[in-house]
1. Could you please give the count of residues in region 1-21 that are part of a helix (DSSP H, G or I) and either surrounded by 10 or more Cβ atoms within 10 Å (Cβ to Cβ) or in contact with a Ser or Thr (Cβ under 7 Å, 6 or more places away or on another chain) (or both)?
2. Find the residue count for region 26-49, including only residues that are of a type outside the set (D, E, K, R), surrounded by 10 or more Cβ atoms within 10 Å (Cβ to Cβ) and in contact (Cβ under 8 Å) with a residue 12 or more places away in the chain.
3. What pairs can you find where one residue is in region 1-24 and touching a residue at least 40 places away in the same chain (Cβ under 8 Å), the other is exposed (fewer than 10 other Cβ atoms within 10 Å of the Cβ), and their Cβ atoms are less than 7 Å apart, with a gap of 6+ or different chains?
4. So Asp24 clears everything in (1) closer than 30 Å to Met1 by Cα; (2) among the acidic types (Asp, Glu); (3) in a helix (DSSP H, G or I) except one condition, right? Which one?
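Taken together, the values in this text are just the output of simple stated rules run on the coordinates, not laboratory data. On a predicted model such as this, the values are computed, not experimentally measured, just so you know. Reconstructed Cβ throughout: ideal geometry from the backbone, glycine too, with neighbour counts over all protein chains shown.
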Amino acid sequence: MDVITSIATIPTYKPAERIRFFNDFAQLIGDERAQTARALWDRPLKTVYISDCGELKVTKPSLSPPSLP
C-alpha cells in the first residue's frame with residue numbers, strides 16, 4: 001500500500017481560476033481546443049512508471065448488507 005500512497009500524493013496540474021473561466025467561455029462558443037485543454041487537467045506533474053507489478057489478493061466483497069444483531 002506504500003506504492004499506492006506515494007502515487008496518490010503526486011501533485012497534479014490544477015489550472016488557475018482565470019484559466020478555467022477562459023476555458024468555460026471557449027467551450028461555450030464552441031472552441032474544440034477547450035476540451036483538449038481540459039484533458040490535461042488533473043494529470044500528475046511527475047512521471048508515474050509502473051513496472052514489475054503483481055496482483056493484490058483481496059477478498060471478494062459481499063453484495064448483501066451485513067446482518068444486524
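1. Of the residues in that region, 5 qualify.
2. Of the residues in that region, 3 qualify.
3. If the second residue must be exposed (fewer than 10 other Cβ atoms within 10 Å of the Cβ), the pairs left are Ile7/Val48.
4. (1)
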